Structures are given as C-alpha cells and as structure tokens.
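Right, one structure below, let's go through it.
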Amino acid sequence: PPSPERRGPSAARGAADITKDARRSASAALVEEDRPRARRSAATRDDDAPVFDASTVLLVVCFERADLLAESLASVVRYHPCGAGPRLLVSQDAGGKRPDLVVAAIETARRALERRCRATEAATTVPAMRWVRHDAQTRSGGGYHRLARHFKFALDTAFAWDDDVAVGRVIVLEEDLRIASDFFEYFAAVAPALDADESLLAASAWNDNGQRGRAKDPRRVHRSDFFPGLGWMLAARTWRDDLGPKWPDAYWDDWLREPAQRRGRHVVRPEVCRTYHLTSTSGTSHNQYGAFLERIQLHDGPPVPFFSDASERTRVRADLEMRAYDAALLDGLERAELATSVDDIDRAARTTTPLPRRAVRLEYRGVDERRRDAFPALARALGVMDNVKAGVPRTAYRGVVQFWRGDVYVYLAPPLADVRRDLFRLVT
C-alpha cells in the first residue's frame with residue numbers, strides 16, 4: 001500500500017519512500033510464494049466455497065521487526081485459502097528504527113497474495129488486504145503499555161471493518177509467528193464452536209507443551225483454562241460486549257488469564273501447534289521461555305482436513321462439546337495407571353509399545369513453588385512448562401496437564417478425587 005488508511009487519533013502519514021535494498025530484504029522470504037501456482041486451495045469446503053468468508057479478519061500486529069514480519073506474511077500468503085476471505089489487516093505501530101522496511105514487507109506480501117490467488121483455480125476473487133498505522137496520542141509507559149494500546153487499536157479497527165459484511169471473528173497473529181499449512185483449516189473448524197458456545201473465551205493455535213515428542217496427534221483438539229495467545233481467534237460478541245470496553249493499559253495477555261476476565265470460560269487449543277514462534281530477543285518479552293519456544297513442533301505433516309472434510313468438521317465439534325470433553329477426560333484419568341514418581345513414568349516409557357496407547361497419571365498437590373510434590377517441581381522434572389498464571393498451569397484444563405513422554409501419555413493432575421468432584425456435576 002502506498003500509504004496507511006486514516007485511523008486512530010491522528011491522520012496516518014504517507015509511507016516513506018522504499019529503497020531497492022529495503023524491498024529486496026523484505027522480499028527474501030517471499031521468493032517462492034511470488035511464483036504463480038495453478039492449483040486448487042487445499043482449504044476449501046466440500047462444495048468448493050472458501051473455508052472462511054469475509055466475515056473473518058486475519059489481523060497481523062507488527063512494529064519494527066521487518067525480517068520476521070516478512071517471514072510471517074510469507075506463510076500467510078502461501079497458505080491463505082484465497083477466494084472471498086478471510087480479509088487481511090496489518091496494523092503497524094508507529095515509530096521504530098526502519099519503518100520503511102516494515103512497509104516493504106507488507107507491500108511485497110500484498111502483491112504476492114494477489115498473484116498467487118489469481119493463479120489459483122478455486123479463487124474467483126482476491127481477498128481484501130489493508131494496512132493501518134497506530135499513531136498513538138502518547139508514547140508514555142514501557143513496551144507492555146504501548147503494546148496494549150496498539151492491540152486495543154488494532155482489534156477495534158479489525159472488528160469495525162467498514163465494508164458491507166459484518167466481522168464475526170478476528171484471528172490475531174503477531175509479526176514473529178509463522179503458520180502451518182492447515183492453520184486456516186483448523187480455525188475454520190473451531191469457529192462454529194467459538195461462535196455458538198458461550199463457555200468458550202477464545203481459540204488458539206498454540207500448545208505451550210507442543211515440543212517434538214510431547215505432542216503427537218495432529219488431529220486432536222483440547223479445551224484449556226489457560227489462554228496461550230500466539231495465534232488466537234476471538235468472536236465479535238466477546239470483544240464488543242466484554243473485553244473491548246475494559247481493555248487494560250498494560251500486560252493484556254496476563255490480564256486475559258485472570259478469573260475476572262476468564263469467568264470460567266475456556267480456550268480451544270490443538271495438541272500439535274499451528275503456529276511457530278520465530279526466535280528474536282528484540283520483542284517486548286525479550287524471548288522469554290526461548291528454550292521451550294525453539295523446540296516447539298509446528299505441524300509439518302500433511303494438512304489435516306479439519307474443515308474441508310465433513311466428517312472431520314463433525315468430529316471437531318463433537319470433541320469440543322464440554323460435556324463430552326469432560327466425560328472423556330475423566331474416563332482417561334480413571335483408566336490411566338497411577339504413577340508415584342517421574343521414575344515410574346520413565347520405566348513405563350521404556351517398556352511400552354506405541355499401540356495400544358499406554359497412559360499414566362501422576363498427581364500433584366497444589367502449585368506452591370516450595371513443595372516437591374507441587375505442580376512446578378514435577379513439571380520441571382518431566383521437562384514441561386512449569387509456569388503458572390492466576391493459579392492455572394499452562395495448558396491445564398481442570399488442573400490437568402496432558403502430554404506425551406516417549407510412548408506414554410501422561411496426565412499430570414490434581415488428586416483424582418478433586419478432579420472428579422470438579423467434573424461430576426458436568427458429566428452426570
């Protein structure tokens with residue numbers, strides 16, 4: 001785009017001239033995607049309609065890391081289902097050392113998406129793509145304050161997209177995330193549940209324990225009490241009637257994890273991640289948990305037809321229905337062998353075979369860092385995320401954290417009686 005659209009408290013300024021070197025830098029990740037591909041999009045309905053229509057917006061939030069943004073947008077261009085949607089909105093925070101490089105990355109992606117979609121047999125239209133810039137009234141506060149203000153602006157802008165089609169949901173990416181080949185299939189499949197089920201707060205493409213060897217089943221989806229972010233979808237009603245009017249001044253992701261915001265609602269997540277965090281130390285978090293992030297497994301196998309296969313669509317919705325999910329979780333916990341130590345789990349891993357699946361349950365007592373039998377200590381011993389926010393371990397549902405260790409499926413859980421008491425009213 002030659003200049004951003006007018007948004008926010010001040011009129012967005014025209015973009016700076018882009019040098020040839022800047023364009024080459026931003027284009028590097030898009031060389032392959034620039035070549036026309038005369039093929040049908042993998043992410044289509046049975047009747048060849050696009051996975052999402054224009055009521056879905058993919059929002060990419062960025063600042064100054066043009067190299068990462070170019071790689072992120074390259075994956076979006078490569079896997080976008082084309083056709084009528086989703087529409088794309090890139091929101092750039094003002095400032096930074098080389099905003100012209102960011103503009104170059106956006107423009108290169110726009111041209112590449114247009115070329116690819118025009119060469120795709122199933123596409124009759126090119127999805128709309130816009131660029132806006134957040135010119136904040138004040139630059140006061142630290143990075144987390146500026147980030148929260150930018151997210152508020154970007155989400156308000158995405159949900160207020162002023163064409164004829166109302167926005168029903170927004171998928172949020174940040175500039176340092178690459179997507180999997182079935183990213184759009186996944187979100188298309190979980191969108192109906194998010195739209196209709198008031199027990200759901202959001203859907204995410206991320207599993208904090210999604211390292212290779214910890215996550216194996218690319219078809220499996222879960223409920224979680226923990227909001228992981230890192231590629232997530234929000235319904236319009238949740239933004240309009242709940243989160244938008246009370247958005248915080250800083251630390252928006254931790255704020256979303258608090259009980260006052262969550263209000264007992266859950267987040268959908270996959271077992272195998274559909275986003276990958278591109279390593280960088282220049283972001284607001286300075287690559288916190290970098291050792292875990294680097295080992296995350298982005299789904300790299302054949303795309304799962306979550307949405308384009310009618311039976312898969314039905315399965316996903318059935319698996320996510322809360323009563324069914326709770327009943328299946330309780331059944332799994334009750335059938336699992338009770339382990340008394342990490343050594344018990346490792347012995348099981350050495351003696352088991354992949355089929356049938358062998359499951360073990362290791363119980364923890366609370367989340368106090370000082371206790372050896374509490375969640376943090378056992379999680380560290382098992383090599384999974386030990387972080388707890390607002391009393392909820394990462395990925396946990398009803399306190400239960402699920403992952404693979406070798407060929408053994410592990411439930412790291414509160415005492416079974418406590419989980420059963422929590423679930424009983426929901427599964428009877």
Leaving ligands, DNA and RNA out of it, rank Arg98, Arg169 by accessible area with a 1.4 Å probe, largest first.
Arg98, Arg169
What number comes out for accessible area per residue over region 198-264 if the probe is 1.4 Å? Units Å², please.
35 Å²
Note: Arg421 to Ala328 extended length (0.36 nm per residue) minus current alpha-carbon separation gives 32.0 nm
Most to least packed among 415-423, 223-231 [average Cβ atoms within 10 Å]
223-231, 415-423
Kindly report, to the nearest 10 Å², the accessible surface of Thr120 as traced by a 1.4 Å probe over protein heavy atoms only.
10 Å²
Check cross-link reach from Lys389 to the aspartates and glutamates: straight Cα distance under 14 Å, and skip same-chain residues fewer than eight apart.
Asp208, Asp225, Asp253, Asp254, Glu258, Asp368, Glu369
When the dipole is taken about the Cα centre of region 330-427, and only Lys, Arg (+1) and Asp, Glu (-1) are charged at their Cβ, what size is it in debye, to the nearest 20?
160 debye
For region 65-125, what percent of Cα pairs sit more than 19 Å apart?
32 percent
Using only protein heavy atoms and a 1.4 Å probe, report how much of Tyr79 is accessible, in Å² to the nearest 10.
60 Å²
What size of dipole, in debye to the nearest 20, comes out for region 61-207 about its Cα centre when the only charges are +1 on Lys and Arg C-beta atoms and -1 on Asp and Glu C-beta atoms?
540 debye
Rounded to the nearest 10 Å², what accessible area does Arg115 have for a 1.4 Å probe in the complete protein model?
90 Å²
Would you mind computing Rg(Cα) / (2.2 N^0.38 Å) for region 287-420, counting N as its residues?
1.15
Regression test value, accessible area per residue of region 310-399, probe 1.4 Å, units Å², expected 52 Å²
Tell me whether region 174-309 comes out rounded, prolate or oblate; compute the Cα gyration tensor, take square roots of the eigenvalues as a ≥ b ≥ c, and use a/c under 1.5 as the rounded threshold.
oblate
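The values are calculated or read from the model by the stated rules, or taken from the named source; none is laboratory data. Not measured: the values here are computed from a predicted model. All Cβ positions, even for glycine, are placed from backbone atoms using ideal geometry, and neighbour counts span all protein chains on display. SASA here: full protein model, heavy atoms, side chains in, ligands and nucleic acids out. Shrake-Rupley method; radii C 1.70, N 1.55, O 1.52, S 1.80 Å.
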